[in-house]
Amino acid sequence: MTPFRLGLGFAVICVVAYWQLGAIAESTIQMAVGPTAVPKALTALFALAVVLYTVSAWRGRQVDESTEPEQSALPGSGKRLISVFGGGVLFIAGVGWLGFVAAATACGLCVARAFDAPLNTKSLLICAAISVVLWAVFAKLLGVGLGPATPFGF
């Protein structure tokens with residue numbers, strides 16, 4: 001796929017994303033920042049990047065790798081993909097009965113492993129700390145319904 005066509009494909013994704021923002025229900029309370037403010041801002045930033053990339057590709061400033069000989073994937077890429085995908089599956093399957101923190105920690109370890117981090121105590125503590133902070137910020141401070149942090153209802 002040429003860079004220009006890739007840019008056009010991303011432009012279609014921007015249009016679909018903006019269209020889907022209309023499906024987000026407006027808040028029933030008066031708020032300075034509604035539930036669509038951040039998604040709209042991110043979509044606008046992505047659209048700006050897409051426009052800049054597409055114009056750059058149209059002017060021939062992006063490398064067209066579609067004309068180069070086919071290169072094989074990097075060694076271990078299959079294991080990395082399975083590790084990231086498996087982490088997501090672990091999170092989805094485990095969040096209900098393990099709680100958010102344990103499931104997110106397991107997911108984080110799988111993603112860290114995909115980036116060649118060793119599975120040791122340090123990795124476990126870092127992933128657990130990130131999970132606890134994310135749960136505290138989103139569930140407690142912002143009121144997002146992530147469920148309990150642990151299976152014991154905390």
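Below is a table of values for the structure above.
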{"item": "Spherically averaged projected area in nm², based on the convex hull that wraps the Cα atoms of the chain", "result": "13.0 nm²"}
{"item": "For region 3-67, diffusion coefficient by Stokes-Einstein and Kirkwood Rh (Cα), 20 °C, 1.002 mPa s, µm²/s", "result": "160 µm²/s"}
{"item": "Burial order of peptide ranges 39-50, 93-104 (average beta-carbon count within 10 Å, highest first)", "result": "93-104, 39-50"}
{"item": "Two-site label geometry, T36 and S77: point separation in nm, points 7 Å out along Cα→Cβ", "result": "3.9 nm"}
{"item": "Potential extension, F152-R59 segment - 0.36 nm per residue separation minus Cα distance", "result": "27.6 nm"}
{"item": "Theoretical FRET efficiency, 1/(1+(r/R0)^6), r = Cβ-Cβ of I29 and V133, R0 30 Å, to 0.05", "result": "0.65"}
{"item": "Euclidean distance of C-alpha centroids, region 1-32 and region 90-132, integer Å", "result": "30 Å"}
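Quick note: the coordinates plus some simple rules give every number you see, no bench work behind them. If you're wondering where the values come from, they're calculated on a predicted model, not measured in any experiment. When we count neighbours, we look across all protein chains shown, and the Cβ atoms used for this are built from the backbone with ideal geometry, even at glycine.
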